[in-house]
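The numbers here are math on the coordinates, done by the rules we state, and not lab data. Because the structure is predicted, anything quoted here is derived from the model rather than measured. In this analysis, Cβ positions are derived from the backbone assuming ideal geometry, glycine residues included, and neighbour counts consider all displayed protein chains.
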Amino acid sequence: QVTLRESGPALVKPTQTLTLTCTFSGFSLTTIGMSVSWVRQPPGKALEWLALVDWDDDKYYSTSLQTRLTISRDTSKTQVVLTMTNMDPLDTATYFCARASYSDYALFDYWGQGTLVTVSS
Amino acid sequence: QSVLTQPPSASGTPGQRVTISCSGSNSNIGINTVNWYQQLPGTAPKVFIYSNNQRPSGVPDRFSGSKSGTSASLAISGLQSEDEADYYCVVWDDSLHGLVFGGGTKLTVL
């Protein structure tokens, strides 16, 4: 059974660094074709892709946010961590992690439930 | 401003056919496959069409996808109230070296 679960602070202050963890089970991120992405959604707004890490430890970032993002996976390959620096109230959003397989980075077959992060002083 | 352009809204009455478009460019839709997601309020998105026109198991055959050039479309025939949701297209962009989502279309069943 594949599951993903996001965890992290619900509230961060402007200029702080956000660290989110996606803990997954039921698959291995080293299996060829697998990847985990982070996607966010501000309240009432559209989905926005942030970053992904794949089975080969290749990493890709949204060009508009790449200077602020770092994605990594742990050595046990059951967690993917996203850090976002210099948080701003505009970064208030629900952050999802999602798995893609079959070598199609855009084919998300499993999602976490999402975690709401509010940026406020 | 999204790289992929979708109409912000669409609507139809029960039983009607509606189409949602997704317009991109030669670096994304023009050379890569498009996936479509349905998102109900307060839930994570769910894939409804992948590889331009393939339906995952469990998705009604009322849903279909197509692609031509740098545009893609999601069609829903025999519209039902349960289809009321937000729909997003997503594709890999070779120029940006990343994924891009459309701005989303809110479908209302009148």
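Annotations
- Note on A:Lys45: lysines with a C-alpha under 25 Å away, same-chain residues under 8 apart excluded, are A:Lys13, B:Lys46, B:Lys106.
- Here r is the Cβ-Cβ distance between B:Arg17 and A:Ser121 and R0 is 35 Å; the resulting FRET efficiency, rounded to 0.05, is 0.10.
- Under 5 Å, built H, 5+ apart or other chain: amide partners of B:Leu99: B:Asp93
- Length gained on full extension, A:Thr63 to A:Thr23, computed as 0.36 nm times the residue gap minus the Cα-Cα distance: 11.9 nm.
- Phi to ³J(HN,Hα) by Karplus 6.51 cos²θ - 1.76 cosθ + 1.60 over the range A:11-27, Hz, x for Gly, Pro: 9, 10, 8, x, 6, 6, 9, 9, 10, 10, 10, 10, 9, 10, 8, x, 7
- Cα→Cβ-extended label distance, 7 Å offset, between B:Ser81 and A:Asp56, nm: 5.0 nm
- Spread over its residues, the convex hull of the C-alpha atoms of the protein assembly as shown is 114 Å³ per residue.
- Over chain B: Rg over Rh, Cα atoms, Kirkwood Rh: 0.95
- Dipole magnitude of the protein assembly as shown about its Cα centre (Cβ charges: Lys, Arg +1; Asp, Glu -1), debye to nearest 20: 240 debye
- Amide H within-cut-off set for A:Leu107, under 5 Å, with H built and near neighbours excluded: A:Ser101
- Other residues lying with their Cβ under 12 Å from the Cβ of A:Ala100 contribute a combined charge of -2, Lys and Arg counting +1, Asp and Glu -1.
- Cut-off under 5 Å, modelled amide H: who pairs with A:Trp55 long-range: A:Gly33, A:Met34
- In sequence order, calculated HN-Hα J values of the range B:80-96 (Karplus, 6.51, -1.76, 1.60; Hz; x Gly/Pro): 10, 4, 6, 7, 5, 5, 9, 10, 10, 9, 8, 7, 7, 10, 5, 6, 7
- Volume per residue for chain A equals 95 cubic angstrom (convex hull of Cα atoms).
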